[in-house]
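The block underneath contains the structure these notes are about, expressed in structure tokens.
The values are calculated or read from the model by the stated rules, or taken from the named source; none is laboratory data. Note that this is a predicted model, so its numbers are computed, not measured. Heads up, the Cβs are rebuilt from the backbone with ideal geometry, glycines too, and the neighbour counts pull from every protein chain shown. Surface areas here come from the heavy atoms of the whole protein model, side chains and all, with no ligands, DNA or RNA. Shrake-Rupley method; radii C 1.70, N 1.55, O 1.52, S 1.80 Å.
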Amino acid sequence: MYALSAEHEHPISRAFHVMNRNVLIAQPQWLGRDKMDDMRIAFASGKGGTGKTTVAVNLAYFLAYSKQQVQYLDCDVEEPNGHIFLKPHIEEMTPAQVMMPVIDKDKCTACGECVSHCQFNALVLILKDVLIFPELCHGCGLCARICPTGAIKEGKRVIGSVEQGKAFLNIDFVHGILNVGEPMAGPLIQQVKHNYKEGYIQIIDAPPGTSCPVVKTIVDADCVVMVTEPTPFALHDLKIAVSVAQTLNKPIGVVINRENGEFKPLMDYLSKNRLPILATIPEDKNIARQYSEGNIIIERLPQYIDNFMELAINIKKLLEIKQFR
Amino acid sequence: MTDIKEMVIVSGKGGTGKTSIAAALTSLFKDKVIADCDVDAANLHIIITPEEVVSQKEFIGGKKARINLDRCIQCNVCRDVCRYDAISEKFVVDPVSCEGCGACYYLCPAKAIDFTPQLAGYCYICRTPLNESFVFAELLPGEENSGKLVAEVRNEAREEAKKRDTGLILIDGPPGIGCPVISSLTGVNFALIVTEPTPTGVHDLKRICDLINHFKIKAAVVVNKSDINPDYVEEIKRYCENEGLTYLGEIPYDSKITEAQKNMTTILDFAPDSEASRAIKEIHKKIQKILEDV
Ligand code: SF4
Ligand code: SF4
């Protein structure tokens, strides 16, 4: 189905030639290879379901097609979905572990020191036994350090796994999958990010929302692309997400997805806060359908290639402006 | 006093239209307390505009460390014990990385570290125009959503239900399967799952169902935007059958739902005769039956 080896027959290849010859010719100038190499672009959204993953995978695909080395990191570990579209061939799977105390019952005198020091209520003293609630433990190691009888050792606990492999067009693919019922997204995100490869453009799919895991994901990105929709819900959440990215001092750009006529409150907000619109993608049932089949949009609907080229160019501009600041 | 039943609306994946449907369904139920537990991005209040805020409570989250440089003897113990690389070479704690474990605070030999609780958000108790109670919360940006605030919202909602003698609490749950979702599910009588017929929708539906089974909660599924891809609707139906989940029906894709949202109202008020509105009313009837039995 995906004729990747015979590149000239590949649908997107055809689209490039037929529809937009200029893209191929203009390619070296607009990307300026050496500069684009080490970018780290995080995709966030505030509200879930605005199309963050769709935009991220399509940009990854577009860049890879433009002969860039691309790495896709899915940090939305609670609901990792990038693989549905990029269909990677997973080559390596590593369990993700965090530290967790192990109590030696023989040495424990039930003094309760560990229980009163743990900030996360992960330990309780019941009768003469210390019980551990692994899901609450942050693996900080404090209990092991302060236990007066040295009864606490540190063991490990699996919270999920990190998988990596190669996707379409040689895109380097990494994602983390959090075990069901496991609340510790943060450490797993860290472990996904240990796989950063030098010399690649990194596309990072951040979790939705605006809390701690989002911060952990975008904290070392070069810029943050906010994918939003022209609706009151999305705008409300966009504002919160933008304020998170602003406290981290990140350059921010916005992609308006499912655009259908002007939504004035959004435009007012963007211009008031000087947030650039990097690209706009119209509301189109065909996009929804391709998405529902797990397809890459620009591969099936080449008329949207321009939107992603615009996005790539504008991201590059966003980063250049930052250098001048 | 009436027995209080709690129903939560969840989706796993974001963007399935959960909140729009929650808002519409909510308006069909009588005699209830509404709780928006999507504290990361509370949206329900955009549609159910509260008329009056009865009370606003501060939500105090975890503690964070701060080093007093005039007392610091630069022994480096704190930097050695901190597992989150939160302390710089100049002995300044980065509040973003600090998890608030207190290791540095307890182990600092010079007692140079303050460790104080931080304001993490607010919880609001309001009255809707229909004089019903509506509880929602807002987490400050970047704060950890540990599920504690969700629990807080649910507590307040229960208090309101007791005070006003209402028999039903309707909870709009957070997305995902993490801590906040777990907090919104524990002890509820019934969970309504809103999904969409897409690969991601199905994928995330399975993950949320695993979680719900874990807690042995009675659950039912609604497919929103059902006409995008009939094949996946079939797959979802089959999945429900195999897992013993009640399949409640479908709501077709309707741009009026977004239009209604832009007008800050529910689809039922905006386009009462639309197919989507009719479908929602059907689903409401079925839910009422289920709620009688749980
Ligand atoms: S390692 Fe830290 S979080 Fe875990 S039980 Fe010990 S003190 Fe609590
Ligand atoms: S409280 Fe814990 S996380 Fe925060 S700076 Fe101290 S050791 Fe690090």
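For residue A:317, go through the lysines and keep the ones whose alpha-carbon is under 22 Å away, minus same-chain ones fewer than eight residues off. Cross-link targets: A:35, A:52, A:67, A:250, A:272. Among A:66, A:243, A:292, the largest mean-square fluctuation in a Gaussian network model of chain A, built with springs joining Cα atoms closer than 10 Å, belongs to A:292.
Please build a GNM for chain A, connecting alpha carbons under 10 Å apart, and tell me which residue among A:136, A:238, A:169 fluctuates the most. Highest fluctuation among the options: A:136.
Which chymotrypsin sites (Phe, Trp or Tyr not before Pro) in region A:100-175 pass both tests, a DSSP loop state and at most 10 other beta-carbon atoms within 10 Å?
Of the chymotrypsin sites (Phe, Trp or Tyr not before Pro), not one in the loops of region A:100-175 has a Cβ with at most 10 other Cβ atoms within 10 Å.
In this simple spin-label approximation, residue A:272 and residue A:93 carry label points 7 Å from Cα along the Cα→Cβ vector, and these lie 4.9 nm apart.
Distance cut-off 29 Å, Cα to Cα: go down the list A:316/B:206; A:193/B:13; A:264/B:237; A:166/B:64; A:128/B:64 and report the pairs above it. Please list the in-between numbers first.
Numbers: A:316/B:206 38 Å; A:193/B:13 23 Å; A:264/B:237 40 Å; A:166/B:64 41 Å; A:128/B:64 31 Å.
Exceeds cut-off: A:316/B:206; A:264/B:237; A:166/B:64; A:128/B:64.
For region A:60-168, trypsin sites (Lys or Arg not before Pro) meeting the loop criterion (DSSP other than H, G, I, E, B) and having at most 14 other Cβ atoms within 10 Å: A:67, A:105, A:107, A:128.
Summarising the amide proton neighbourhood of residue B:217: residues at separation of 5 or more, or on other chains, whose placed amide H is nearer than 5 Å comprise an empty set. Estimated from helical segments only, the mean residue ellipticity of chain B at 222 nm is -11000 deg cm²/dmol, where each DSSP H run of four or more residues counts as -39500 (n - 2.57). Placing a pseudo-label 7 Å from each Cα along the Cα-to-Cβ vector at residue A:105 and residue B:164 gives an inter-label distance of 5.0 nm.
Take each complete run of DSSP H in chain A, measure how far its Cα atoms stretch along the helix's own axis, and keep only those covering 18 Å or more with mean Kyte-Doolittle hydropathy at least -1.0; list them.
Values: long enough: A:52-65 (20 Å, 0.91); A:232-247 (23 Å, 0.72); A:305-324 (29 Å, 0.30).
Passing helices, by number: A:52-65, A:232-247, A:305-324.
Between A:90, A:41, A:315, find the one with the highest GNM mean-square fluctuation for chain A; connect C-alpha pairs within less than 10 Å. Evaluated over chain A, the most mobile residue of the options is A:90. Each Cα pair under 8 Å and six or more residues apart adds its sequence gap; the mean of these over the residue count of region B:61-119 is a relative contact order of 52 percent.
Tally Lys/Arg at +1 and Asp/Glu at -1 over every other residue whose Cβ is under 15 Å from the Cβ of residue B:32; what's the total? Each step should come with its number before you reach the end.
On the way: positive: B:5, B:30, B:127, B:154, B:158, B:162, B:163, B:164; negative: B:3, B:6, B:31, B:36, B:132, B:156, B:159, B:160, B:165, B:172, B:292.
Net local charge, residue B:32 excluded: -3.
Expressed to the nearest 5 percent, the antiparallel share of DSSP beta bridges inside chain A is 50 percent.
May I ask for the net charge around residue B:290, where only other residues with Cβ less than 12 Å from the Cβ of residue B:290 are counted and Lys, Arg are +1 while Asp, Glu are -1? Intermediate results must be reported in sequence, preceding the final value.
On the way: positive: B:5, B:218, B:285, B:286, B:289; negative: B:292, B:293.
Cβ neighbours under 12 Å give a net charge of +3.
Over the whole of A:182-188, what's the average partner chain Cβ count within 10 Å per residue? Rounded to a whole number, please.
Partner-chain Cβ atoms within 10 Å, mean over residues of A:182-188: 4.
Using a cutoff of 8 angstrom between alpha carbon atoms and counting only pairs six or more residues apart, the relative contact order for chain A works out to 25 percent. Highest mean packing first, where packing is the average number of other Cβ atoms within 10 Å per residue, the peptides B:170-176, A:98-104 line up as B:170-176, A:98-104. The relative contact order of chain B comes to 26 percent, based on Cα pairs under 8 Å that sit 6 or more residues apart.
Where Lys and Arg each count +1 and Asp and Glu each count -1, what net charge lies around residue A:100 among other residues with Cβ under 9 Å from its Cβ? It would help to have the intermediate numbers written out before the result.
On the way: positive: A:156, A:157; negative: A:154.
With Lys, Arg at +1 and Asp, Glu at -1, the neighbours total +1.
The loop-placed GluC sites (Glu not before Pro) in region A:262-325, going by DSSP, that have at most 10 neighbouring Cβ atoms within 10 Å of their Cβ come out as A:262. On average, how many beta carbons from a partner chain sit within 10 Å of the beta carbon of a residue in B:173-183? For peptide B:173-183, the averaged partner shielding equals 6. The mean count of C-beta atoms from other chains within 10 Å of the C-beta of residues in B:203-209, rounded to a whole number, is 3. Checking Cβ-Cβ separations below 4.7 Å across chain A identifies A:75, A:108, A:111, A:118, A:137, A:147, A:212, A:223 as cysteines lacking any candidate disulfide partner.
Total buried accessible area between B and A, probe 1.4 Å, nearest 100: 4700 Å².
Unpaired Cys in chain B, meaning no second Cys C-beta under 4.7 Å: B:37, B:72, B:75, B:82, B:98, B:108, B:123, B:126, B:179, B:209, B:240. With a cut-off of 16 Å on the backbone N, the residues of region B:75-101 near the modelled label site 7 Å out from residue B:69 along Cα-Cβ are B:75-76, B:87-95.
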